[in-house]
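Input: a single structure, listed below in structure tokens.
The values are calculated or read from the model by the stated rules, or taken from the named source; none is laboratory data. These figures come from a predicted structure and were not determined experimentally. Cβ sites come from the backbone with ideal geometry, for glycine too, and all protein chains shown count toward neighbours. Just the protein is used for accessible areas: all its heavy atoms, side chains included, with ligands, DNA and RNA removed. Shrake-Rupley method; radii C 1.70, N 1.55, O 1.52, S 1.80 Å.
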Amino acid sequence: MAVSRRAFIGGAAAGALALPAWLVACSDEERSSGSSETSAPAYDGSPGPADTFRHGVASGDPTPESVILWTRLTTGDLDVAEADVRVEVAEDPSFERIVTTSDHAASASHDWTVNTEVAGLQPGTTYYYRFQALDRTSTVGRTRTAPDGGVEHLRLAVVSCSNYAYGNFHAYRHLARRADIDAVVHLGDYIYEYADSGDEQESYGQFRTLEPRGECLVLDDYRQRYAQYRTEPGLKELHRQMPMIHLWDDHEFVNDPAAGGAENHQPTDGDYDERIAAALQANSEWMPTRLDGDVIYRTLDFGDLARLAIVDRQHRFLWPGEPGEDAPDAPVLDGEQRRWLDERVSSNEARWFVLGTGSTFGAIGPDQAAGGWGAEHREPVFTAAEDAGVENLVVLTGDIHKAQAFDLVRTPGVYDPATGDGTIGVELSSGSITSPGGVDLDIGPQFLYSQGLARTYLVLDLTPEAAQADWFGFEDSLKLEDAEPSEEWLAGFVTSAGANHLTQADEPKPTVPGPELAPEMS
Ligand SMILES: [Fe+2]
């Protein structure tokens, strides 16, 4: 199945995203109903190693009728060129009610990963899944499709900036225990390409040794780095318990890409384009994401309650299209993405239009027009939203390593922080999982919250009436503890529908019982 970018984008509009050919080519879907009696794929060799599924299982990009499911085989000493892999999807964690099975092939050409769309599912439904291969069975994963139609409630988690070297992913582990999260949105810097700084143990940032020790430059480097991350207990458990919607930022490739190169790409690092291609391939193998070639920007719809559009600010530097697109002062979004976003905004019918981006979008200082994307690049988004009658704009951001909440000011001269006059939306930044943050000293009246000294994740609770953002986390230094530190609610901010103006919440939205978590890993 060859899928052009345009066809992919059109498919996205209909909510039925297309997949790269290698994701689906090996699928031979079967269906069974109401039975746990399925046979493992035919295999007459020696069993795979006990840790055949050592990198766990994962799911992502839920639509109302499908999700992406992922795993990877570790073949150990086995001399096999290819392995058959079966995935079973059930309504219950005991697999008494299997709804679909499908068979796939794994091989070294895709680093032994399986990354497949399972379709024909029910909207707003939790499913459990497991893989079988080489006479071994994986741990049980849990995922959830997107709701459809009239939706009264949605709860998304938002995370970013998870540097393995900088400390344990305790925040991921806390989040993985929440059964009431529909999906986790990762806004980039899922991995960092940096080199290990060696045995000198820098004062900050060298808590865990990286694999590979050097900077990621070629395909095998990036594959090793993803593999290391996927053995991290907190991240492994997060992937196992809920679907992820991932957007890359710069560190999935290289720090601060710029025209034809990057801050962290030196002449001795080899060919730049080959490096970017290697990083892209490893990402496509290891992440449960619906990519179309180099296109990651996409929309995910949650019935009439929310449309999530995530945009890729790195695209114009990594793969410039039109002349001058990679110039430093060019618009944040390349031309094709710009047109795509306008269409996504204008066709929105959901109560909340949620824009996800890797970097700060709104004004970040006392000058309510400056900073972030820059006023000249924000304005077209505001205009599109206004023209489309978008009544509620929520921007989710990562990158800055601080939990932040602020109003998006359209008309600085009119803006009143007490009433919200002059705003057009709100912005919420997740903070980081481990990357170090700092303190803001020079903030404007639109800023309601800025916390860079804790490691945090954000929970966004959406109803037709209101959106509330709650940050949970712990003191920065505690990420270095082997024992998991307890977390606390750090702050919450809420905007009513139609207000586009944040006010502080007195308490977090309570956790509620959700569908049963996947059972403990055996
Ligand atoms: Fe980061």
> Can you give the net charge of the other residues whose Cβ lies under 14 Å from the Cβ of THR75, counting K and R as +1 and D and E as -1?
Replying inline: -4
>> At 1.4 Å probe size, with the rest of the protein present, what percent of the exposed accessible area of segment 454-510 is carbon and sulfur atoms?
In response: 46 percent
> Hey, what did the chain get for relative contact order, percent, Cα under 8 Å, at least 6 apart?
Replying inline: 15 percent
> When the helices in the chain are scored as -39500 (n - 2.57) per DSSP H run of 4 or longer and the sum is shared across all residues, what 222 nm value do you end up with, to the nearest 500 deg cm²/dmol?
Replying inline: -4500 deg cm²/dmol
> In square angstrom, what is the accessible area per residue of the chain with a 1.4 angstrom probe?
Replying inline: 37 Å²
> Could you give the nm distance between label points at THR383 and ASP294, where each point is 7 Å from its Cα heading toward the beta carbon?
Replying inline: 2.7 nm
>> Please report the equivalent ellipsoid semi-axes of segment 207-366, computed as sqrt(5 x eigenvalue) of the Cα gyration tensor, largest first, in whole Å.
In response: 28, 23, 14
>> Using DSSP to call loops (not H, G, I, E or B), can you name the GluC sites (Glu not before Pro) in segment 257-303 whose Cβ has at most 16 other Cβ atoms within 10 angstrom?
In response: GLU263
> Assuming a viscosity of 1.567 mPa s and a temperature of 4 °C, what translational diffusion coefficient in µm² per second does Stokes-Einstein assign to segment 371-496, Rh being the Kirkwood radius over Cα pairs?
Replying inline: 83 µm²/s
> DSSP loop chymotrypsin sites (Phe, Trp or Tyr not before Pro) in segment 186-277 with at most 12 other Cβ atoms within 10 Å of their Cβ, which ones?
Replying inline: TYR204
> Charges only on Cβ, +1 for Lys and Arg, -1 for Asp and Glu: so what's the dipole of segment 107-257 about the Cα centre, in debye to the nearest 20?
Replying inline: 960 debye
>> I'd like the Karplus ³J(HN,Hα) series for segment 49-62: coefficients 6.51, -1.76, 1.60, θ = phi - 60°, whole numbers in Hz, and an x wherever there's a Gly or Pro.
In response: x, 4, 9, 3, 9, 5, 8, x, 10, 7, 9, x, 6, x
>> Going by amide H atoms built from the backbone, whose H comes under 5 Å of the H on THR125, apart from near neighbours?
In response: THR145
> Which angle between 0 and 90 degrees, to the nearest 10, do you get for helix 375-387 versus the longest principal axis of the chain when only C-alpha atoms count?
Replying inline: 80 degrees
> Roughly to the nearest percent, how much of the accessible area of segment 126-197 is carbon and sulfur, given a 1.4 Å probe?
Replying inline: 38 percent
>> Let's test the formula: R0 of 45 Å, r as the Cβ-Cβ distance of THR511 and SER107. What FRET efficiency results, to the nearest 0.05?
In response: 0.60
>> With viscosity set to 0.692 mPa s at 37 °C, what whole-number translational diffusion coefficient in µm²/s follows for the chain from Stokes-Einstein and a Kirkwood radius over Cα pairs?
In response: 141 µm²/s
>> Given points 7 Å out from each Cα along the Cα-Cβ axis, report the ARG177 to VAL439 separation in nanometres with one decimal.
In response: 3.0 nm
> Between GLU152 and THR137, what length comes free when the chain is fully extended (0.36 nm per residue of separation minus the Cα-Cα distance, one decimal in nm)?
Replying inline: 1.7 nm
> Hey, with R₀ at 25 Å, roughly what FRET efficiency would LEU78 and LEU480 work out to, going by the Cβ-Cβ distance, to 0.05?
Replying inline: 0.10
> Relative to the present Cα-Cα distance, how much length would full extension add between ALA119 and GLU322 at 0.36 nm per residue of separation?
Replying inline: 69.5 nm
> Assuming a viscosity of 1.002 mPa s and a temperature of 20 °C, what translational diffusion coefficient in µm² per second does Stokes-Einstein assign to segment 301-457, Rh being the Kirkwood radius over Cα pairs?
Replying inline: 132 µm²/s
>> Quick check: Cα centre of segment 288-349 to Cα centre of segment 451-522, how many Å?
In response: 27 Å
>> Compute the orientation-averaged projected area for segment 253-333 from the convex hull of its Cα atoms and round it to one decimal in nm².
In response: 6.6 nm²
>> Between ARG213 and ASP92, what is the label-point separation in nm under the 7 Å Cα-to-beta-carbon projection?
In response: 5.2 nm
> Okay, which of segment 469-483 sit inside 20 Å, backbone N to the point 7 Å along the Cα-Cβ direction of THR503?
Replying inline: 469-471
>> Using only the alpha-carbon atoms of segment 32-146 as identical scatterers, what base-10 log of I(q)/I(0) does the Debye formula give at q = 0.13, 0.21, 0.24 Å⁻¹?
In response: -0.46, -1.12, -1.38
>> Nothing charged except the Cβ atoms of Lys and Arg (+1) and of Asp and Glu (-1): what's the magnitude of the dipole of the chain about its Cα centre? Round to the nearest 20 debye.
In response: 820 debye
>> Under the 0.36 nm per residue contour assumption, what length would be gained going from the current alpha-carbon distance of ASP273 and ALA418 to full extension?
In response: 47.3 nm
> Across segment 318-380, how large is the tail of the calculated P(r) beyond 18 Å, expressed as a percent of all Cα pairs?
Replying inline: 46 percent
>> Only bridges whose two residues both fall in the chain count here: according to DSSP, what percent of them are antiparallel, nearest 5?
In response: 75 percent
> Pairing the Cα long axis of helix 272-286 with the longest principal axis of the chain, what angle in degrees results, from 0 to 90 and rounded to the nearest 10?
Replying inline: 70 degrees
